[in-house]
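As C-alpha cells, the structure follows; a few thoughts come after it.
The values are calculated or read from the model by the stated rules, or taken from the named source; none is laboratory data. This one's a predicted model, so the numbers in the text were calculated from it and none came from an experiment. Counting neighbours? That spans all protein chains shown, and the Cβs are built from the backbone with ideal geometry, glycine included.
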Amino acid sequence: MLCPACGFDNIEGMDGCEACGQSLVSPDAAGGALEQSISRHAIGVLCPATPLTVESTTPVSSAIASMAEHRVGCMLVVDGETDLLGIFTERDVLTRFSDNISRANQPVSDFMTENPATVSQDDSIGYALHAMDLGGYRHLPVVDDDDRPIGVISVRDILRFLCVRFAELRTTD
C-alpha cells in the first residue's frame with residue numbers, strides 16, 4: 001500500500017507508514033449523521049448574534065462595562081462601522097489587562113486581539129470548529145462578502161447546535 005503522504009510502499013494491512021508515520025487508515029468518507037450535519041450545515045443556521053462593537057479608542061473600562069451590561073464574552077473592535085480591526089474578549093481582560101487595572105483609561109486597542117480569524121455565514125460549522133480549535137478561540141466574527149462584521153458565533157452556539165442535532169438523531173433512530 002502506497003503512502004499518500006510520502007509514496008513509500010508499505011506492506012498491505014499496515015495502519016501507519018513505516019517511512020513517515022502517516023496514517024494509512026482511510027476515514028469513512030460518509031461519516032456519521034452528526035459529522036455530516038456539521039459538514040453540511042452553514043454557520044447561518046446558528047443565527048449569529050448581532051455583534052457588540054466598540055471603537056478602537058474607547059477606554060478599556062468602558063468596553064468591559066459594556067460587555068458586562070450586555071452579558072457577552074466579546075466585542076468587535078471596529079473603525080467606523082465597516083472595518084474590523086480586532087476582537088476584545090474576556091480572555092483579553094484576564095490575560096492582558098487584569099494584572100494592572102490602573103490602565104483602565106487606555107484604549108481597548110491596546111488589549112484587543114488584532115486581525116481576528118473570521119468566517120462567513122456560508123462556511124460550514126465544521127470549518128468554524130476547526131478554526132476555533134486551531135486558534136484556541138471561543139468566539140469568531142462573522143463577516144459579509146465585503147469583510148464587514150455582521151455577527152459573532154461562539155463555542156456555546158455550536159455546542160447548542162450539536163446538542164439539538166444529537167437529540168434529533170436519537171429520536172429518529
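Quick rundown of the values:
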| quantity | calculated |
| --- | --- |
| Hits in the range 118-133 (condition: exposed (fewer than 15 other Cβ atoms within 10 Å of the Cβ) and either charged (D, E, K, R) or modelled with pLDDT of 95 or more (or both)) | Asp122, Asp133 |
| Filter pass, Ala104 being at pLDDT below 95, among the small types (Gly, Ala, Ser) and under 30 Å from Gln36 (Cβ atoms) | no |
| Sole residue being touching a Gly at 6+ places or on another chain (Cβ under 6 Å), modelled with pLDDT of 95 or more and closer than 13 Å to Ile87 by Cα, chosen from Val142, Val152 | Val142 |
| Residue that is surrounded by the most Cβ atoms within 10 Å (Cβ to Cβ), among those in the range 142-160 that are under 14 Å from the mean Cα position of the chain (by Cα) and farther than 21 Å from Thr53 by Cα | Ile158 |
| Unmet criterion (only one of (1) assigned to a helix (DSSP H, G or I); (2) more than 11 Å from the chain's Cα centre (by Cα); (3) surrounded by fewer than 15 Cβ atoms within 10 Å (Cβ to Cβ)) for Arg165 | (3) |
| Total residues in the range 67-90, condition surrounded by fewer than 16 Cβ atoms within 10 Å (Cβ to Cβ) and either among the hydrophobic types (A, V, I, L, M, F, W, C) or more than 14 Å from Leu52 (Cβ to Cβ) (or both) | 5 |
| Residue in the range 134-141 that is in contact with an Asp or Glu (Cβ under 7 Å, 6 or more places away or on another chain) and surrounded by 18 or more Cβ atoms within 10 Å (Cβ to Cβ) present | no |
